[in-house]
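Have a look at the structure below, then the notes.
A short reminder: the numbers here are calculations on the coordinates, not readings from a lab. Note that the structure is predicted; figures quoted are calculated from it, not measured. Here the Cβ positions follow ideal geometry from the backbone for every residue, glycine too, while neighbour counts run over all protein chains shown.
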Amino acid sequence: MNDGFLLKKSLGQRILEVAYDSIYPCKCLFCGRVLEDLGAIACGDCAQLCHGDYDVEAVQHTVFRFKYEGKRMLARRMAAAIFRRDEVIDGDCLVCVPLHEGRLRERGYNQAALLALELSRFMGVAAYDGLVRTRATAKQFDLNPAQRVANVAGAFAVRDGFCVDGKRVVLVDDVFTTGATVGECERVLMEAGAVGVEVVTFAAVRAYG
């Protein structure tokens with residue numbers, strides 16, 4: 001029923017990843033130091049940063065590169081960091097926080113969708129683009145907590161035909177700040193019949209996460 005909303009990689013993406021892995025060395029997610037262990041996420045000095053404290057400059061820089069500089073390949077190790085940190089992630093499916101279509105065209109990709117897709121490989125459950133932003137919203141970064149809640153109120157909906165009835169949903173985003181965005185997404189998923197929504201993010205602002 002939900003197959004039309006399934007997140008999946010194109011053949012071109014898979015070929016690009018193979019080429020990227022064969023050409024570029026494995027580097028620390030945070031400082032860029034070359035790693036000998038191809039399965040590692042970060043060097044020894046930066047390993048503690050995988051806990052996702054967004055108040056740390058190196059974590060902010062990693063998110064910025066991933067989100068605004070087109071570093072899509074970071075999604076794999078960012079998702080690995082989430083999975084290794086949050087060992088008990090339990091759900092029937094993953095759903096990404098959506099971008100408005102205008103911002104999606106501008107950026108070229110949804111960073112939350114990339115994280116959800118990579119996380120699905122670790123969890124062994126499907127990831128979906130099952131939510132939609134019904135209107136454009138101001139960027140949350142410059143808003144205070146109350147303004148953030150008002151900014152996203154009524155801005156999300158479950159896509160027509162996407163079914164979460166009776167499902168435990170894992171909602172995926174890159175950064176947790178005040179929780180306004182994920183809270184609104186959680187609300188519409190629960191209204192659509194989800195029996196639970198667990199939120200996972202790569203990083204969290206210390207004051208809120």
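GNM remark for the chain: springs join alpha carbons under 10 Å apart, and the peak mean-square fluctuation among R85, R105, R159 falls on R105. Helices assigned as whole DSSP H runs in the chain whose Cα atoms extend at least 24 Å along their own long axis and whose mean Kyte-Doolittle hydropathy is 1.6 or higher are not found. Take every pair of alpha-carbon atoms less than 8 Å apart whose residues are at least six positions apart; their mean separation over the length of the chain yields a relative contact order of 22 percent.
Highest GNM mean-square fluctuation among E186, E198, E69, for the chain modelled with Cα contacts below 10 Å: E69.
Taking all Cα pairs closer than 8 Å and separated by 6 or more residues, the relative contact order of the stretch 152-209 comes to 46 percent. For the stretch 1-61, the gyration tensor built on C-alpha atoms gives an oblate shape. Its axis ratio a/c (a ≥ b ≥ c) is at least 1.5, and a/b is not larger than b/c. Here the Gaussian network model covers the chain, with springs between Cα atoms less than 10 Å apart; of R33, R77, R168, R33 fluctuates the most. Residues whose amide H lies under 5 Å from that of G196, counting only those 5 or more places away or on a different chain, are V169; hydrogens are built 1.01 Å from N in the peptide plane.
Remark: the chain carries a charge dipole of roughly 540 debye about the Cα centre, counting +1 on each Lys and Arg Cβ and -1 on each Asp and Glu Cβ. A simple charge model with +1 on the Cβ of Lys and Arg, -1 on the Cβ of Asp and Glu and nothing else charged puts the dipole of the stretch 86-193 at about 400 debye relative to its Cα centre.
Over 24 Å apart at the Cα level, from the set K27/K139; K9/K67; K27/K67, are K27/K139.
Ordering of 121-127, 144-150, 173-179, 61-67 by packing is 173-179, 61-67, 121-127, 144-150, highest average first (other Cβ atoms within 10 Å, averaged per residue).
Each of I89, Y109, G39 was placed along the dipole of the chain (beta-carbon charges, centred on the mean Cα), and the one lying farthest toward the positive end is Y109. The alpha-carbon positions of the chain define a convex hull whose volume is 124 Å³ per residue.
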